[in-house]
Structure formats: C-alpha cells, structure tokens
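J.: Below is a structure I'd like to ask you about.
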Amino acid sequence: MPADLQPADIQQVATTSASPGTLFAAGPGAGVIRSDDDGRTWSAASGNLPSKDVSALAVHSFHPGTLYALITGGGIFRTEDGGDQWQKMDDGPRAKVIGLAHSTLPGSMNTGWLYAATEAGPYLSMDCF
C-alpha cells in the first residue's frame, strides 16, 4: 500500500477472475490503488480522476483493465486502461450509492451490466448510467 495511505482509508476492494493476482482498492481520500502481485505491492491508479473521494468501485467482469469508480458528488467514471485515464460516464443514480458491481448477464450486447446498490434500491445500466 502506498506509504501515505492508512488501512482505514480503503473501503472497497475489487478483482476479477479474468486477471488472477490483480487487485484494486479504493476509498474516500484514497482514490484508486492497484496491485498486480496479489497485494504485495501497490501503486496509484487514480489517473486523471477529478477527486480521490472514491466511494464505490467495480471491475468489469471480463475486461480486467476496465473499472468503474463513483466519486461522491462527482458521478461515475470508467477507465479501460487499468486506471491511467478516466472518463466521466454519468452523474450516477440520484440516491446515495453504497456499492457497484459488474456482471455479464444476457441481453447486454456483450458489454455487461453495471449495478449500483443504492439507499433507494438497486439501479441497473449497460456499463454506465
């Protein structure tokens, strides 16, 4: 873990079976960090995110370099290069988001579905809101 982060800064951990050994973690004030060696070493993966206040994180279920991050009050962002460059996808659901998850259920045009667990119930979108 980067020296300036404390374990309490990390509130989300995400991985995918498409890339065993690669872990992503995030938290408010911590941004996104990445490990490619089962968590032994970590590096920043926040790229050009406008804030390090990441409150939810998900990894694409079969594209391990694609991640989704929710910035509190800033919307949902996606990277397709493991965290170097991020692009805002949408403002996200109106209700407070508790967590994100990506799944490849039928009917998603082979891209997958991005789920948000919110205080008002689940929210579903094809990869973005």
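J.: Can you tell me which residues in region 47-62 are closer than 21 Å to A101 by Cβ and either loosely packed, with under 15 Cβ neighbours inside 10 Å or free of Cβ contacts under 8 Å to residues at least 40 places away in the same chain (or both)?
T.: Residues of region 47-62 closer than 21 Å to A101 by Cβ: 49, 53-62.
Once the filter is applied, which keeps residues that are closer than 21 Å to A101 by Cβ and either loosely packed, with under 15 Cβ neighbours inside 10 Å or free of Cβ contacts under 8 Å to residues at least 40 places away in the same chain (or both), region 47-62 yields L49, D53.
J.: Under the condition of being within 11 Å of the chain's Cα centre (by Cα) and polar (S, T, N, Q), which residue from region 54-86 is farthest from R34 (Cα to Cα)?
T.: Residue satisfying both the conditions and the ranking: S55.
J.: Another one. How many residues does region 92-129 hold that are part of a loop (DSSP other than H, G, I, E, B) and either surrounded by fewer than 12 Cβ atoms within 10 Å (Cβ to Cβ) or modelled with pLDDT of 80 or more (or both)? Reasoning before the result, please.
T.: The first filter runs over region 92-129 and keeps only residues part of a loop (DSSP other than H, G, I, E, B), leaving 92-96, 104-112, 119-120, 126-129.
Then keep just the ones that are either surrounded by fewer than 12 Cβ atoms within 10 Å (Cβ to Cβ) or modelled with pLDDT of 80 or more (or both); that gives 92-96, 105-107, 109-110, 119-120.
Total satisfying the criteria: 12.
J.: Please state which of the following conditions M89 fails to meet, knowing it meets all the rest: (1) under 12 Å from the mean Cα position of the chain (by Cα); (2) not in a loop (DSSP other than H, G, I, E, B).
T.: Unmet for M89, out of (1) under 12 Å from the mean Cα position of the chain (by Cα); (2) not in a loop (DSSP other than H, G, I, E, B): (1).
J.: Consider S19 carefully, then state whether it is over 23 Å from S125 (Cα atoms) and hydroxyl-bearing (S, T, Y). Full working, then the answer.
T.: Details: over 23 Å from S125 (Cα atoms): yes; hydroxyl-bearing (S, T, Y): yes.
For S19, the condition - over 23 Å from S125 (Cα atoms) and hydroxyl-bearing (S, T, Y) - is met.
J.: A further question on this structure: Restricting attention to region 63-83, which residues are touching an Asp or Glu at 6+ places or on another chain (Cβ under 7 Å), crowded, with 19+ Cβ neighbours inside 10 Å and within 14 Å of S19 (Cβ to Cβ)?
T.: Of everything in region 63-83, just one residue is touching an Asp or Glu at 6+ places or on another chain (Cβ under 7 Å), crowded, with 19+ Cβ neighbours inside 10 Å and within 14 Å of S19 (Cβ to Cβ), namely T66.
The values are calculated or read from the model by the stated rules, or taken from the named source; none is laboratory data. Source: prediction; values computed, not measured. Backbone-built Cβ (ideal geometry, glycine too); neighbour counts: all protein chains shown.
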